[in-house]
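Below is one structure; the comments refer to it alone.
The values are calculated or read from the model by the stated rules, or taken from the named source; none is laboratory data. On a predicted model such as this, the values are computed, not experimentally measured, just so you know. Here the Cβ positions follow ideal geometry from the backbone for every residue, glycine too, while neighbour counts run over all protein chains shown.
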Amino acid sequence: MKTNTLILLATLLLSLGLVSCAGTSTLGGAKPYPLKVCLVTGNDLDSMGGPVSTVYNGQEIKFCCKPCLKKFEANPAKYLSKL
């Protein structure tokens with residue numbers, strides 16, 4: 001009986017935790033990225049695996065890989081004109 005109660009309690013707590021996470025956004029109110037390609041190279045976002053994203057001045061920015069993120073961080077103005 002104790003085992004069943006513990007399993008039920010654990011399931012309930014897990015369910016409550018999942019429900020509380022539903023609908024949360026990692027963007028934190030940032031404007032969504034409008035392009036289907038990497039801001040630096042122009043390649044498809046999935047061309048190097050999965051996209052890498054960051055938020056810069058309230059705008060979500062996506063890249064095809066981490067090296068593109070580094071290039072953007074070195075000179076954001078050069079790439080922001082493409083948006």
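A few notes on this one:
- Residues of region 27-46 satisfying the condition of being within 15 Å of the chain's Cα centre (by Cα) and assigned to a strand (DSSP E or B): LYS31
- Residues that are among the small types (Gly, Ala, Ser) and modelled with pLDDT under 95 within region 44-76 comprise SER47, GLY49, GLY50, listed in sequence order.
- Pairs are defined by a Cβ separation below 6 Å, a sequence spacing of at least 6 or placement on different chains, a first member in region 39-56 that is within 13 Å of LYS82 (Cβ to Cβ) and touching a residue at least 12 places away in the same chain (Cβ under 8 Å), and a second member that is of a type in the set (Val, Ile, Thr) and surrounded by 12 or more Cβ atoms within 10 Å (Cβ to Cβ); the pairs so defined are LEU39/ILE61.
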